[in-house]
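Asker: Before I ask anything, let me first share the structure, which is written out below as structure tokens.
Every number in this text was worked out from the coordinates using simple rules, so none of it is lab data. If you're wondering where the values come from, they're calculated on a predicted model, not measured in any experiment. Methodologically, a virtual Cβ is constructed for each residue, glycine included, from the backbone with ideal geometry; neighbour enumeration extends over all protein chains shown.
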Amino acid sequence: MINDIQQDVSQRMLKTIVALKNTFTKIRTGRAHPSLLDQINVSYYGASTPLSQVANVSVDDARTLKVTPWEKVMVGAIEKAILSSGLGLNPATNGMVIRIPLPPLTEERRRDLVKIVRAEAETGRISIRNIRREANSEIKEALKEKMISEDEAHAGEEQVQKTTNQYVKEVDTELELKEKDLLSM
């Protein structure tokens, strides 16, 4: 019983860390990275389709992304989608290739991004603590139903707390890395 709860806690907390890392990769650091365009959808024959399914997105150099559509008719639609994405990017089309230069980040913008990253990290910590609270509730419910002893319940809560501390520390490590990345350009 306790092992099942502990396994569930570990899996859910790991998913929280993965989600946090994905969020962090979408926050731009001034370096080109194909994941910057992951949330962009393009109108492809009337259907809203992710950009990665209608074009190849690659890094041209440290500050430029290169988008190569698979069909020539998609160039205009992709360019329009990038402009209207709210990312502040200005694509430049050269025949079948769309190049997207990333402007350098100002000091003020870096500080704003650090605030955003800290808020995302706090959201991750809250999520992890909520998972801990739910697990402790399950343990108390099992104790109330006489499925486990008080000693097992106490040991289970300690185990859940250790796991929580481990994942909160991982959130802090990811936050520190991202802050360094944002401020070091």
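Asker: So what's the angle, to the nearest 10 degrees on a 0 to 90 scale, between helix 150-183 and the longest Cα principal axis of the chain?
Answerer: That helix lies at roughly 20 degrees to the long axis.
Asker: Can you list the HN-Hα couplings for segment 51-61, worked out from phi with the Karplus curve (6.51, -1.76, 1.60; θ = phi - 60°), rounded to whole Hz and with x for Gly and Pro?
Answerer: The phi angles translate into 4, 5, 9, 10, 7, 9, 10, 9, 9, 7, 8 Hz.
Asker: Which of the following values of semi-axes √(5λ) of the Cα gyration tensor in Å was calculated from the structure shown: (1) 31, 19, 14; (2) 25, 20, 16; (3) 44, 20, 11?
Answerer: Given (1) 31, 19, 14; (2) 25, 20, 16; (3) 44, 20, 11, the structure-derived one carries the label (3).
Asker: Within the chain, what's the longest stretch lacking trypsin sites (Lys or Arg not before Pro) that sit in DSSP loops with no more than 15 other Cβ atoms inside 10 Å?
Answerer: 73-145
Asker: Another question, if that's okay. Ranking 43, 10 by Cβ neighbours within 10 Å, fewest first, what do you get?
Answerer: With the fewest neighbours first, 43, 10 line up as 43, 10.
Asker: Quick check: Cα centre of segment 164-182 to Cα centre of segment 84-163, how many Å?
Answerer: Between the Cα centre of segment 164-182 and that of segment 84-163, the gap is 10 Å.
Asker: Taking a virtual spin label 7 Å from the Cα of residue 53 along the C-beta vector, which residues in segment 81-106 bring their backbone nitrogen under 18 Å of it?
Answerer: Answer for this model: 81-82.
Asker: Please sort by residue number the GluC sites (Glu not before Pro) in segment 83-185 whose DSSP state is loop and whose Cβ has at most 12 other Cβ atoms within 10 Å.
Answerer: 145
Asker: Let me ask something else about it. Scan the chain and report its longest stretch carrying no chymotrypsin sites (Phe, Trp or Tyr not before Pro) that are both in a DSSP loop and have at most 16 other Cβ atoms within 10 Å.
Answerer: Between the exposed loop sites, the longest stretch runs 71-185.
Asker: Sticking with this one: Only counting other Cβ atoms within 10 Å, I'd like 117, 168 sorted with the fewest neighbours first.
Answerer: Taking fewest neighbouring Cβ atoms as first place, the list is 168, 117.
Asker: On a 0 to 90 degree scale, rounded to 10, what angle separates helix 107-144 from the longest Cα axis of the chain?
Answerer: Between helix and principal axis, roughly 30 degrees.
Asker: If you take the charge dipole of the chain about its Cα centre, with +1 on Lys and Arg Cβ and -1 on Asp and Glu Cβ, which of 20, 91, 166 is farthest toward its positive end?
Answerer: 91
Asker: Another question, then. With charges set only on the Cβ (+1 for Lys and Arg, -1 for Asp and Glu), what does the dipole of the chain come to about its Cα centre, in debye to the nearest 20? Working shown, then result.
Answerer: On the way: 27 positive and 27 negative charges, 174 e Å.
Its charge dipole is roughly 840 debye.
Asker: Which ³J(HN,Hα) values, rounded to whole Hz and listed in residue order, are derived for segment 8-14 from phi using the Karplus coefficients 6.51, -1.76 and 1.60 in 6.51 cos²θ - 1.76 cosθ + 1.60 with θ = phi - 60°, glycine and proline given as x?
Answerer: 3J(HN,Hα) across segment 8-14, in whole Hz: 4, 4, 4, 5, 5, 5, 5.
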